[in-house]
Each structure stands twice: as C-alpha cells, then as structure tokens.
1. Ordering A:CYS352, A:CYS389 by how much accessible area each has at a 1.4 Å probe, largest first, what is the list?
2. In chain A, carbon and sulfur make up what percent of the accessible area (probe 1.4 Å)?
3. Over segment B:1-61, with the other protein chains present, what is the accessible area per residue in square angstrom, probe 1.4 angstrom?
4. What value does segment B:35-75 have for Rg/Rh, both radii from Cα atoms and Rh as Kirkwood defines it?
5. Among the aspartates and glutamates, select those whose C-alpha is under 16 Å from the C-alpha of B:LYS9, and discard any that sit fewer than 8 residues away in the same chain.
6. Anything over 21 Å Cα to Cα? Flag those among A:LYS157/A:LYS322; A:LYS173/A:LYS322; A:LYS234/A:LYS305; A:LYS45/A:LYS119; A:LYS173/A:LYS234; A:LYS320/A:LYS341, in the order listed.
7. From the phi of every residue in segment A:191-197, what ³J(HN,Hα) in whole Hz does the Karplus formula 6.51 cos²θ - 1.76 cosθ + 1.60 yield, where θ is phi - 60° and glycine or proline is x?
8. What Kirkwood Rh does segment A:1-87 have if only Cα atoms enter the pairwise 1/r average? Answer in Å.
Amino acid sequence: MADLSIDFAGIKSINPFWLASGPPTNTGYQVQRAFEAGWGGAVWKTLGDPIINVSSRFASLQYKGQRVAGFNNIELISDRPLDVNLKEIYETKKKYPKHAIIASLMVEPKQEKWHEIVKKVEAVGVDGLELNFGCPHGMAERGMGAASGQVPSLVEKQTYWTKEVAETPVIVKLTPNITDITATAYAAAQGGADAISMINTINSLMGIDLDTWNTIPNIDGLGTHGGYCGPAVKPIALNMVGECALDPEIHIPISGIGGIEDWRDAAEFMLMGATGVQVCTAAMHHGFRIVEDMIDGLNNYLDEKGLSSIMELVGKSVPKYKKWGDLDLNYQVTAHINPDKCINCNKCYIACEDAAHQCIERITKKDGTTLLKVQEEDCVGCNLCSIVCPVDGAIDMHESKGENHMTWNERQELLKTF
Amino acid sequence: MQEYEIFLKEKEQIDRLIEKDYPVISIEENLNGAFVSYRIAENGSSETRIFHILTANGRKYLTNKLLMKNQRVIE
C-alpha cells in the first residue's frame with residue numbers, strides 16, 4: 001500500500017483529498033463528518049464580512065440523462081458570524097489534529113482588513129489560509145472575489161498584505177475568468193504566496209425556462225450570473241493547472257480544483273502538476289463517502305504503477321505538455337474500422353462526410369449489406385470517427401512515425417534560411 | 001481523394017527537385033500556399049522557376065526533404 005500523505009507547501013495531510021471551500025465545509029458538523037469519512041483536509045467555507053444569501057441558489061446541467069454534468073451556484077461566502085465559525089474550527093482542529101484545516105478568506109482589498117482576519121483565524125489553529133480571489137458572483141460586485149482576482153496587481157498586493165502577518169502557509173485561489181491565468185498566478189507568487197489553487201468557478205448562466213422565460217435559477221422571476229463547476233469544467237481546470245505547472249516563473253505548489261469526481265481525475269491533476277486536489281461538486285452530488293473509493297482507487301493505481309508514494313506522481317505529465325509549435329508534424333494516426341465489431345450504424349461515415357475529411361467509404365456488398373472502410377491516404381487522424389463511434393474497439397487509431405521529426409517551429413527556422 | 005492526388009503530383013515534383021539538386025532560392029508562403037523558387041542550370045544557361053505547392057502535405061513534404069538534406073550535409 002502506497003503512502004498517500006502529502007506535504008503541501010508545509011501543510012501536512014494524510015491524503016491528497018481535501019474538500020474545497022463551499023457548501024460542504026460550511027460548519028464544524030460537516031467538516032468533522034467529512035474527516036470521519038476519510039477526507040485528508042478541508043478548506044472551510046469562505047469567511048469574511050457578513051453577507052445575506054438569496055433563495056434559490058443552485059442549478060445543474062443535466063445532459064442526456066447525466067445529472068450534474070455541470071453545476072452552477074449563486075451562493076455567497078459564509079453567512080454565519082465569524083466567531084461561530086472560529087469556535088467550530090478550533091473544536092474541529094482539536095478533535096482532528098492530523099487533518100488539515102484551511103481557512104478560506106475574502107475581505108475588502110484593504111491592508112487592515114486582511115491583517116485583522118488573518119490574525120483571528122490563525123489564533124484558532126488553522127493549518128493554512130486560502131485567499132478567495134475567485135468567486136465570480138455577488139462578492140465581485142463589491143470589489144472582492146473575482147473582481148480582485150482578475151487584476152494581477154491587486155492579487156499581488158493582497159497576497160503581500162496577508163503574508164505580512166501570516167504565520168501559516170498562504171494559498172491564493174485563482175479565478176479562471178481571465179484570459180491568462182499564469183498572469184495572476186505569477187502575481188500571487190510575487191506577492192509571496194506559498195501556493196496557488198485553481199480553479200474557482202466560471203461565469204455562467206445555467207439556462208432559460210422556455211415557459212416562463214425566467215433565467216435559471218430564478219429569484220422571484222429574476223436571475224444573475226453564477227459560478228460554474230462540476231465535471232464539465234475539468235478540462236478547463238486541468239489546462240490551467242498545466243499552464244501554471246509549465247511556467248518556470250511560477251515555482252510554488254498547486255492545489256488542483258475543478259470537476260474532480262474520482263481517483264482518476266485526482267491522479268490526472270497530480271500528474272499535471274498539482275500536489276493535492278480539492279473537491280466540492282462531487283461531494284455535493286454523491287456525499288462525503290466518495291472519498292473511500294478515491295483513496296482505494298488511488299492506492300491500487302499507485303501499487304499497479306509500482307509507486308510507493310503519491311508524491312512520485314506529481315508533475316510527471318508536465319514535460320509532455322508542450323506548445324503546439326513543438327509537436328511533431330510527421331507523427332500520424334490513421335483510423336481503422338474493425339469489421340468484426342462495427343455495427344454499421346454509419347455514425348463515423350456521417351461525421352467524416354459532414355464534418356471531417358470524407359475519407360470513410362461506404363461499400364455495398366453483393367448481399368446488400370454495407371461495409372465501412374477508411375481510405376487511409378485521405379485520413380488526417382482527427383479522431384472524430386472514433387469519438388462518435390458507439391462501440392468500443394470498433395475503430396482503432398493506428399499510429400505511425402515519419403522518417404524524421406519536424407515541428408512547426410523547426411520548419412519555420414528552416415524556411416528562414418531561404 | 002482529389003487532394004491526395006494533388007499531393008502525389010506535388011510529391012513527384014519535389015522528389016525531382018531534390019534528386020536533381022536544383023538550388024532553392026526562396027520559399028515564400030502566403031495565403032495561397034508555398035511558392036518555391038529554384039534555379040535550373042542546364043546546357044550553359046540558367047533559369048529560375050517557381051513551383052506552387054497547394055497542399056499541406058506537399059508543404060510538409062518539401063520541408064521534410066530539405067531538412068533531411070541539410071542533416072545529411074551536416075553529417
């Protein structure tokens with residue numbers, strides 16, 4: 001059995017699975033139940049100046065029978081008094097000293113505000129701080145959350161103010177609602193952050209009710225934009241983690257967040273450079289006990305790979321993630337349809353004919369049945385046919401390498417010589 | 001299939017260019033593809049010709065061949 005413990009920027013955790021700041025970490029009752037279930041840490045629901053929430057608050061994207069393919073919320077930070085939260089953090093930490101408790105914080109961009117809250121939460125024994133520069137709704141209208149997180153100079157300044165008084169590691173949680181997340185990640189590092197976490201939720205509107213024309217969710221007929229999360233955002237989050245992991249100027253640990261539902265997702269984030277992961281939507285959908293499968297699955301995976309520690313996984317895919325211009329133009333994949341498995345549904349034929357390179361031939365045999373065949377010389381290896389194929393193994397992509405290696409960048413260098 | 005046939009013709013011309021060792025003077029790439037200027041010196045006279053490559057595979061093939069030629073020179 002592998003060692004799943006991590007040391008995240010000095011915060012020790014028995015496993016890499018933390019609950020992200022959000023509804024599941026609203027109270028001591030919930031966090032203690034989560035620790036009992038096996039979570040290694042919890043980022044307490046964001047603490048800050050008192051707020052009042054609206055009702056209703058959540059909505060989900062249900063796609064072709066899949067519930068919660070994406071999730072949207074317009075809930076704000078904790079609406080409970082700070083002292084109540086601090087008391088519960090203190091009690092929880094006392095009861096679970098080996099579990100990591102991180103306080104998520106959001107206050108106005110003023111030095112004295114940051115100093116005040118940092119001192120208060122550290123006094124009750126938190127293991128670290130997470131600065132919430134990410135929430136895109138509500139708080140952003142008041143200059144906090146994503147409104148701060150979209151301006152690199154504000155990220156740097158507020159991180160610096162926090163670090164002036166913080167005695168525990170400071171994690172800066174970044175918003176994905178920005179063109180280049182490395183700009184704010186770099187600003188956080190410049191401000192002295194010990195780590196970054198990403199991504200917070202993405203600006204979203206879940207939908208429109210076609211009968212009432214109300215936006216979803218609606219509050220007495222009115223709506224507002226929310227924060228999108230859940231499985232649908234995972235590819236966006238994974239790329240942003242990768243971009244930061246690749247950047248040599250951002251040399252601080254990353255906590256991966258965004259659509260993580262199981263151990264596989266977690267392993268992918270860690271391979272892409274995250275030292276640990278945070279989960280919220282999946283816990284809201286399936287409950288705290290999903291962590292049991294996450295722990296077992298990750299353990300088995302590490303055993304299969306012959307790894308003795310989860311830390312051996314961190315960043316292993318980062319060197320494989322390149323700029324487009326560094327990819328080999330001579331590498332080729334070609335589709336092959338396996339007639340033994342093909343059910344002749346024609347999905348690949350239609351997709352290739354309408355949206356790709358017209359390289360699948362539909363041959364009518366003497367007995368009247370059809371056979372689908374790839375014209376290999378025309379196949380560019382786009383993968384569309386294998387993506388739309390409903391039968392596993394009916395279409396394989398065969399790879400071949402060219403005589404030599406040539407990237408776009410190498411090619412452009414060559415052309416300059418003429 | 002049509003594009004592949006165009007590529008095969010381009011490939012033939014590129015192979016000839018390389019095989020005959022005609023010096024490439026310039027390669028200009030623009031919105032319409034690649035225009036390769038090369039010099040033919042035969043029977044005491046020289047002439048510059050332009051070869052228009054339309055297909056992406058053709059453009060890739062040309063630079064692959066030139067890259068390999070350069071590598072051979074270096075070796």
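1. Working: A:CYS352 10, A:CYS389 30 Å².
Ranking A:CYS352, A:CYS389 by accessible area, largest first, yields A:CYS389, A:CYS352.
2. Ligands and nucleic acids excluded, carbon and sulfur give 52 percent.
3. Result: 67 Å² of accessible area for each residue.
4. Numbers: Rg = 13.0 Å, Rh = 11.9 Å.
In segment B:35-75, Rg relative to Rh is 1.09.
5. Correct list for B:LYS9: A:GLU377, A:ASP378, B:GLU19.
6. In this structure, A:LYS157/A:LYS322; A:LYS173/A:LYS322; A:LYS234/A:LYS305; A:LYS320/A:LYS341 exceed 21 Å between Cα atoms.
7. Rounded to whole hertz, the list is x, x, 4, 8, 6, 10, 10.
8. 15.1
The values are calculated or read from the model by the stated rules, or taken from the named source; none is laboratory data. On a predicted model such as this, the values are computed, not experimentally measured, just so you know. A quick note on method: Cβ atoms are made from the backbone with ideal geometry, for glycine too, and the neighbour counts reach across all protein chains shown. Surface accessibility is based on the protein's heavy atoms, side chains included, excluding ligands, DNA and RNA. Shrake-Rupley method; radii C 1.70, N 1.55, O 1.52, S 1.80 Å.
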